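*Asks:* Here it is, the structure in full.
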Amino acid sequence: MVKTLKVYKDDEVVGTQDGEGRLTVSVSGLNADTEYPKGTYQVAFEEDGAESDKVDVPTFKTNPILVTGISFSPNTKEIKTGADDSVKAVVAPTTATNKSVTYTSDSTDIVTVDAKTGAIHGAAEGKAVITAKADDGSGKTGTINITVTTDAV
């Protein structure tokens, strides 16, 4: 016999699913990386027009929205030796729960970078790659190529 599983929030039905046996209901409008206490949502079954008592859904936490990509625009930069500048990573999606990144340089003898701010310093003539890695555990990275030049005297 087909039953309807209903999910309630504040006595309003926010999701339903018809079927037999084990059922899954999707609820929209939840905030990412948020804990919802027991009783915030309730569930009940309806069969042949009669509804069971509502039962509290236990405490649950939604998943964070992870970073899906990191980029730089433009993806190259030129600075002079001894000069200071900065790079800024663009994190996608804009709704990511944790948008922070850690910056590293593959050639600190050419370009140093502040791990948190992206401030760079041209230490010597040459080329280096700055990598921004997402701090959310997604493993996503993006890179920018830095060229350090000297002024001809």
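*Asks:* So if I check each of D18, D53, which one is part of a strand (DSSP E or B) and exposed (fewer than 11 other Cβ atoms within 10 Å of the Cβ)?
*Replies:* Residue meeting the stated conditions: D18.
*Asks:* Given the conditions (1) within 30 Å of D33 (Cα to Cα); (2) part of a loop (DSSP other than H, G, I, E, B), which single one is not true for S107?
*Replies:* All conditions are met except number (1).
*Asks:* Six or more apart or on different chains, Cβ atoms under 7 Å: show the pairs whose first residue is in the range 22-34 and closer than 19 Å to A44 by Cβ and whose second is of a type in the set (S, T, N, Q).
*Replies:* Matching pairs, first to second residue: L23/Q17; T24/Q17; V25/T16; V25/Q17.
*Asks:* Confirm whether I70 is outside any loop (DSSP other than H, G, I, E, B), within 30 Å of the chain's Cα centre (by Cα) and modelled with pLDDT of 95 or more.
*Replies:* Answer is yes for this residue.
*Asks:* Okay, next question. What's the number of the condition P93 fails, among (1) in contact with a strand residue (DSSP E or B) (Cβ under 8 Å, 6 or more places away or on another chain); (2) without any contact (Cβ under 8 Å) to a residue 40 or more places away in the chain?
*Replies:* Exception for P93: condition (1).
*Asks:* Related question: Only one of these conditions is not met by K140: (1) crowded, with 16+ Cβ neighbours inside 10 Å; (2) farther than 19 Å from S73 by Cα; (3) of a type in the set (D, E, K, R). Which number is it?
*Replies:* Condition (2) is where K140 drops out.
*Asks:* So which residues in the range 121-151 are within 25 Å of the chain's Cα centre (by Cα), in a strand (DSSP E or B) and not basic (K, R)?
*Replies:* Result: V129, I130, T131, A132, A134, T141, G142, T143, I144, N145.
*Asks:* Related question: If I ask for residues that are out of contact with any Lys or Arg (no Cβ under 8 Å at 6 or more places or on another chain) and not in a loop (DSSP other than H, G, I, E, B), which ones from the range 88-104 would you list?
*Replies:* V90, A92
The values are calculated or read from the model by the stated rules, or taken from the named source; none is laboratory data. Everything numeric in this text was worked out from a predicted model, so none of it was measured. Reconstructed Cβ throughout: ideal geometry from the backbone, glycine too, with neighbour counts over all protein chains shown.
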